[in-house]
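Presented below is the structure to which this report refers.
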Amino acid sequence: MGLSVSICGIEFKNPVTTCSGTFGSGREYGEFVDLNRLGAVTVKGVSAEPWKGNPPPRIAETYGGMLNAVGLQNPGVEAFLKNDLPFLKRFDTKVIVNVCGHSTAEYCSVVEMLSDTAIDMLELNISCPNLSADGGGLSFGTNRSSVSAVVSEVKRYAEQPLAVKLSPNVTDIAEIAKAAEAAGADGISLINTLLGMKIDLRSRKPLLGNGTGGLSGPAIKPVALRMVYDVYRAVKIPIIGMGGIMTGGDAVEFIFAGASMVGVGTANFADPCATVKVLDGIGRYMADNGINDINELIGAAHR
């Protein structure tokens, strides 16, 4: 059964990766999941300097999902290169690094430090809803001009293929994707979380310390699926699709919509083995339907 996919000139053994921020750098999940089975591990956001993240509470459950306002807490790119990358290179899986920053210069700094390393792909995070007040994240990803400016500048420093992670918190996702493509993006990653809120009944105030947070989980799957479908029709570069994928069937829907690869995110919090269960589910679908090559299914909903 052919599960391998080629994205931006990189051959992945299968189309399943992790969503940034839901899998760390794989170290903890490695106790439950054989990381060698995954097509790639997409690591938690990496910044130029250590980030403390947002004040607690940072997580809130919702119907069909969760809100998070972690704020991309991470120890910085030097710590990633020293501690996490050597761990990941012990496994037969590709490494995708999610790059975050408060400014274009910070994004470029991280990408430049990663240029000579053994990572396989960069994921430019211009869509995190928990950074917009401070600059970076969502403030870069909501209009064509800012997307074009940051992508074109970062691309100058990128030695690896650059996928741009887009926000659903926009009016026309296809126009944003086209701007990223025109600015030099090698791929599109979508969607990031939807901006949301929960209010505490006792205090009558927002439950999250940041006030708002990013909604993820199965509740957002119909939105994510539609956006992948729209972007596939708008651009010629490959798509990594994500947003509420819980099962192999969910993943196949995203592939039908146009995703060449799929990311498993919030499902990891409910089941640490979710990634391999999704992979196995894709395989069962292919076997049950006589599909020998996963590439036959990419964009099938458009044909």
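Is one or more of the residues making up the range 266-284 farther than 30 Å from Asn68 by Cα, modelled with pLDDT of 95 or more and buried (at least 20 other Cβ atoms within 10 Å of the Cβ)?
Scanning the range 266-284, I find no residue that is farther than 30 Å from Asn68 by Cα, modelled with pLDDT of 95 or more and buried (at least 20 other Cβ atoms within 10 Å of the Cβ), so the answer is no.
Take the residues in the range 195-210 that are free of Cβ contacts under 8 Å to residues at least 60 places away in the same chain and not hydroxyl-bearing (Ser, Thr, Tyr), then tell me which one is farthest from Val235 (Cα to Cα).
Residue satisfying both the conditions and the ranking: Arg202.
When you scan the range 152-182, how many residues do you find that are over 22 Å from Ile119 (Cα atoms) and of a type in the set (Gly, Ala, Ser)?
Selection size over the range 152-182: 5.
If Arg144 passes every condition in (1) crowded, with 16+ Cβ neighbours inside 10 Å; (2) closer than 29 Å to Val111 by Cβ; (3) in contact (Cβ under 8 Å) with a residue 40 or more places away in the chain; (4) over 15 Å from the mean Cα position of the chain (by Cα) but one, which one does it miss?
Only one criterion in (1) crowded, with 16+ Cβ neighbours inside 10 Å; (2) closer than 29 Å to Val111 by Cβ; (3) in contact (Cβ under 8 Å) with a residue 40 or more places away in the chain; (4) over 15 Å from the mean Cα position of the chain (by Cα) is unmet by Arg144, namely (3).
Would you mind telling me which numbered condition in (1) touching a residue at least 60 places away in the same chain (Cβ under 8 Å); (2) surrounded by fewer than 21 Cβ atoms within 10 Å (Cβ to Cβ) Val16 fails?
It is condition (2) that Val16 fails.
Of everything in the range 188-226, what is assigned to a loop (DSSP other than H, G, I, E, B) and either of a type in the set (Val, Ile, Thr) or within 13 Å of Ile245 (Cα to Cα) (or both)? Give them in sequence order.
Ile191, Asn192, Thr193, Thr212, Gly217
Is it true that some residue in the range 97-105 is on the phi > 0 side of the Ramachandran plot and surrounded by fewer than 17 Cβ atoms within 10 Å (Cβ to Cβ)?
No, the range 97-105 contains no residue that is on the phi > 0 side of the Ramachandran plot and surrounded by fewer than 17 Cβ atoms within 10 Å (Cβ to Cβ).
Restricting attention to the range 30-49, does a residue exist that is assigned to a helix (DSSP H, G or I), within 19 Å of the chain's Cα centre (by Cα), at pLDDT 95 or above and among the charged types (D, E, K, R)?
Among the residues of the range 30-49, at least one is assigned to a helix (DSSP H, G or I), within 19 Å of the chain's Cα centre (by Cα), at pLDDT 95 or above and among the charged types (D, E, K, R), which makes the answer yes.
With in contact with a helix residue (DSSP H, G or I) (Cβ under 8 Å, 6 or more places away or on another chain) and over 20 Å from Ser127 (Cβ atoms) as the only criterion, which of Gly244, Gly299 stands out?
Exactly one residue qualifies, and that residue is Gly299.
Looking at (1) modelled with pLDDT of 95 or more; (2) β-branched (Val, Ile, Thr); (3) surrounded by fewer than 22 Cβ atoms within 10 Å (Cβ to Cβ), can you tell me which one Ile191 breaks?
That leaves (3) as the condition not met.
The values are calculated or read from the model by the stated rules, or taken from the named source; none is laboratory data. On a predicted model such as this, the values are computed, not experimentally measured, just so you know. Here Cβ is always computed from backbone atoms with ideal geometry, including for glycine, and neighbour counts include all displayed protein chains.
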